[in-house]
Amino acid sequence: MGTYTYYHGTPDNPLTTTQQIRNLRTAMLMDCDRCVATDSPLTDSKKAEFVTYRQALRDLPSTYTDSDNFDDVVFPTEPTL
């Protein structure tokens, strides 16, 4: 539902924690794009759950810094369908 950026690391220049967060977040956003589309068969209340979830995903990178360990990052839980 938008333009997504994917970061690539190399052995000499590995991904930062923020880039790893953004890569996984991008995949998670893309996975639920269909849930908030105008032609989605979901109820309005279920769509609202996904809107809230997607906003939490978008806000996630501002919660962590590159000095944080990626394994400690807590991603929001996707609503059930």
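Protein-only accessible surface at a 1.4 angstrom probe places the residues Asp12, Asp72 in the order Asp12, Asp72, largest first. Farthest toward the dipole's positive end in the chain, which of Phe50, Pro61, Thr18, given Cβ charges of +1 (Lys, Arg) and -1 (Asp, Glu) about the Cα centre? Projecting each Cα onto the dipole axis, the largest value belongs to Phe50.
Give me the dipole magnitude in Debye, nearest 20, for the chain about the Cα centre, with unit charges on the beta carbon: positive for Lys and Arg, negative for Asp and Glu. Walk me through the numbers on the way to the answer.
On the way: 7 positive and 12 negative charges, 59 e Å.
The calculated dipole for the chain is roughly 280 debye.
When each of the peptides 51-57, 61-67, 39-45 is scored by the mean number of other C-beta atoms lying within 10 Å of its residues, the order from highest to lowest reads 51-57, 61-67, 39-45. Projected label points at Ser40 and Phe75, each 7 Å from Cα along the beta carbon direction, are separated by 1.7 nanometres. Rounded to the nearest 10 degrees, what's the angle between the helix 44-59 long axis and the longest principal axis of the chain, both from Cα atoms, 0 to 90? It works out to around 10 degrees. Please determine, in degrees from 0 to 90 and to the nearest 10, the orientation of helix 17-31 with respect to the longest principal axis defined by the Cα atoms of the chain, where the helix direction is its Cα long axis. Approximately 20 degrees, to the nearest 10.
Computed per residue of the chain from DSSP H runs no shorter than four, each worth -39500 (n - 2.57), the mean residue ellipticity at 222 nm is -13500 deg cm²/dmol. Label sites at Thr65 and Thr52, each approximated as a point 7 angstrom past Cα along Cα to Cβ, lie 3.1 nm apart.
The values are calculated or read from the model by the stated rules, or taken from the named source; none is laboratory data. For clarity, every value in this text was computed on a predicted model and none was experimentally measured. A quick note on method: Cβ atoms are made from the backbone with ideal geometry, for glycine too, and the neighbour counts reach across all protein chains shown. Ligands, DNA and RNA are excluded from the accessible area calculation, which covers all protein heavy atoms including side chains. Shrake-Rupley method; radii C 1.70, N 1.55, O 1.52, S 1.80 Å.
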